[in-house]
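One structure below.
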Amino acid sequence: MKETAKAAVLVAPGKFEMREFPIPPIGDDEMLIKVEGCGVCGTDGHEYKRDPFNLCPVVLGHEGSGEIVKLGKNITKDSAGVPVKLGDKIVTCVIPCGHCDACRNTPARTNLCENCGVYGLFPDDDTHLNGYYAEYLKIRPNSTFFNVTGLSLDQRMLIEPAAVAVHAVERAKTTGLLNFNTKVLVQGCGPIGLMVLAVLRTLGIDKIIAVDGNDNRLELAKEMGATATFNFTKYASFDDMLAEIRKESDGLGAGFVFQCTGVPAAAANAWKMVRRGGGLCEVGFFLPSGTCTIDPHYDLCNKEVTAVGSWVYSPQDYPTAFAFLRRAAGIGLPMEKLVTHHIPLDRIQEALEVNVNMQGIKVAVIVD
Ligand SMILES: NC(=O)c1ccc[n+]([C@@H]2O[C@H](COP(=O)([O-])OP(=O)(O)OC[C@H]3O[C@@H](n4cnc5c(N)ncnc54)[C@H](O)[C@@H]3O)[C@@H](O)[C@H]2O)c1
Ligand SMILES: [Zn+2]
Ligand SMILES: [Zn+2]
């Protein structure tokens, strides 16, 4: 067993350094994971560009998976009660604090925990190995994690974004507006929007309009089952596109809209595409990216729109995400096409550049 581990440390915006850290001792309630790979998320892209969470120096990477190589003796089961042993493959989920209002009073909504931890978004400490862009990751006590042995590495790296989409659709379902015949519009076809589209398909919803500015992404949206696609860059104005979208939705607009971009103008436009009596789920603003204006009369009151926000996921969403991924494969959705790049850890800078320049869909950092 090695005594040190390589980690890609983001030392300043735009700058990674490979550093070697001692592999820490593992206590009875801890684990050591040999990382195999980790997806690059838009959040990593933002951290890479401008460090909005003020984390530098930091070991990023939160969409990862790897193998248990050291197992504290008190850990026998994962967060779903499935037994774990050395050699099993795992993914981690959020680490709720257990004592804030959300943790104490709404245990089904620990995604709203005030002090929620996530591997790959922790400030640096003496352990250093706190994110998946490294050879090893130390799992601390009271973490949530799941045994996903048997799934391919690409499948395991898609679980975290799948959980975001599953949670968004669960939130949307609380409005009572998602039915077999609902015309749904997905705005933004990055990994999150495409995953939302796939979740909708697995639920049997098959009238889906996809909107994006990138034809490659819209092409994949079609392969995922979008019945109509709109490239907003090809219209002189949003109103021109809106008129076409209405034609595509019985002259009324969409019964439900998922807003999956981090763009304020898009967030405002989303309301215009909802039909009277329809619904909207805002997923796209994990980071503050600016504000937008809506017209409370036309966009909300007069249409009686039911809107929900969606914030990451709770540990309970993970088993649902596994079931979704199985079902997606079962109905032949091309999930494997979501991972477009596999780039070794030594070339992490390149992986982040591909992500921020939107050259692929999901970029995976591979650790040997
Ligand atoms: N709510 C949450 O918990 C949560 C979790 C993860 C990510 N997110 C957020 O979701 C968003 C989407 O994530 P992603 O990884 O798919 O990002 P992404 O940047 O890859 O995808 C966004 C897509 O939106 C498209 N877009 C931009 N402007 C548009 C417009 N005016 N109309 C239509 N499409 C437009 C882009 O072309 C792009 O394909 C990000 O902003 C991310 O921060 C939210
Ligand atoms: Zn992410
Ligand atoms: Zn809490």
Restricted to the stretch 272-310 and to residues being surrounded by 16 or more Cβ atoms within 10 Å (Cβ to Cβ) and among the acidic types (Asp, Glu), the residue farthest from CYS189 (Cα to Cα) is ASP299
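I need the full set of residues from the stretch 100-123 which are surrounded by 15 or more Cβ atoms within 10 Å (Cβ to Cβ) and either within 16 Å of ligand 2 (Cβ to nearest atom) or assigned to a loop (DSSP other than H, G, I, E, B) (or both), in order please.
Taking the stretch 100-123 first, the residues surrounded by 15 or more Cβ atoms within 10 Å (Cβ to Cβ) are 100, 102-103, 110-113, 116-122.
Of everything in the stretch 100-123, those that are surrounded by 15 or more Cβ atoms within 10 Å (Cβ to Cβ) and either within 16 Å of ligand 2 (Cβ to nearest atom) or assigned to a loop (DSSP other than H, G, I, E, B) (or both) turn out to be CYS100, ASN111, CYS113, CYS116, GLY117, VAL118, TYR119, GLY120, LEU121, PHE122.
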Filtering helices (runs of 4 or more DSSP H) wholly in the stretch 260-368 for at least 1 residues that are within 16 Å of ligand 2 (Cβ to nearest atom), over 16 Å from the mean Cα position of the chain (by Cα) and among the aliphatic types (A, V, I, L, M) gives 348-356
Just one listed residue, out of GLY37, GLY45, GLY27, GLY61, is more than 16 Å from ligand 3 (Cβ to nearest atom), touching a residue at least 60 places away in the same chain (Cβ under 8 Å) and touching a Cys at 6+ places or on another chain (Cβ under 6 Å), and it is GLY61
Those residues of the stretch 1-48 which are touching a Ser or Thr at 6+ places or on another chain (Cβ under 8 Å) and of a type in the set (Gly, Ala, Ser) amount to GLY37
task: Answer yes or no: is there a residue in the stretch 110-121 that is out of contact with any His (no Cβ under 9 Å at 6 or more places or on another chain), away from ligand 1 (no atom under 16 Å from the Cβ) and either outside the structural domain of ARG347 (by TED's automatic domain parsing) or in contact (Cβ under 8 Å) with a residue 40 or more places away in the chain (or both).
output: no
ARG275 vs (1) within 9 Å of ligand 1 (Cβ to nearest atom); (2) out of contact with any helix residue (DSSP H, G or I) (no Cβ under 6 Å at 6 or more places or on another chain): all pass except (1)
When ALA307 is run through (1) closer than 27 Å to GLU248 by Cα; (2) small (Gly, Ala, Ser); (3) touching a helix residue (DSSP H, G or I) at 6+ places or on another chain (Cβ under 6 Å), the failure sits at (3)
Selection over the stretch 54-69 where residues are closer than 23 Å to TYR318 by Cβ and either of a type in the set (Phe, Trp, Tyr) or in contact with an Asp or Glu (Cβ under 9 Å, 6 or more places away or on another chain) (or both) yields a count of 10
Checked the stretch 243-259 for anything buried (at least 16 other Cβ atoms within 10 Å of the Cβ), hydrophobic (A, V, I, L, M, F, W, C) and part of a helix (DSSP H, G or I); matches are ILE245
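Please find, within the stretch 312-347, the residue that is surrounded by the most Cβ atoms within 10 Å (Cβ to Cβ) out of those that are among the aromatic types (Phe, Trp, Tyr) and in contact with a Phe, Trp or Tyr (Cβ under 8 Å, 6 or more places away or on another chain).
TYR318
Could you tell me whether VAL367 is within 16 Å of ligand 1 (Cβ to nearest atom) and under 30 Å from VAL59 (Cβ atoms)?
Taking the combined requirement at face value, the residue does not satisfy it.
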The residue that is farthest from ALA321 (Cα to Cα), considering only those in the stretch 58-99 that are within 16 Å of ligand 2 (Cβ to nearest atom) and assigned to a strand (DSSP E or B), is VAL58
Exercise. Go through the residues of the stretch 37-52 one by one and say whether even a single one is within 16 Å of ligand 2 (Cβ to nearest atom), aliphatic (A, V, I, L, M) and not in a strand (DSSP E or B).
Key: yes
Of the residues in the stretch 43-99 that are polar (S, T, N, Q) and buried (at least 16 other Cβ atoms within 10 Å of the Cβ), the one that is farthest from ligand 1 (Cβ to nearest atom) is SER79
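Within the stretch 100-110, track down each residue that is over 21 Å from the mean Cα position of the chain (by Cα) and more than 6 Å from ligand 3 (Cβ to nearest atom). Quick ask: steps written out before the conclusion?
So the first thing to find is which residues in the stretch 100-110 are over 21 Å from the mean Cα position of the chain (by Cα), and the list is 100-107.
ASP101, ARG104, ASN105, THR106, PRO107, listed by residue number.
The values are calculated or read from the model by the stated rules, or taken from the named source; none is laboratory data. Because the structure is predicted, anything quoted here is derived from the model rather than measured. Cβ: placed from backbone, ideal geometry, glycine included. Neighbour counts: every protein chain shown.
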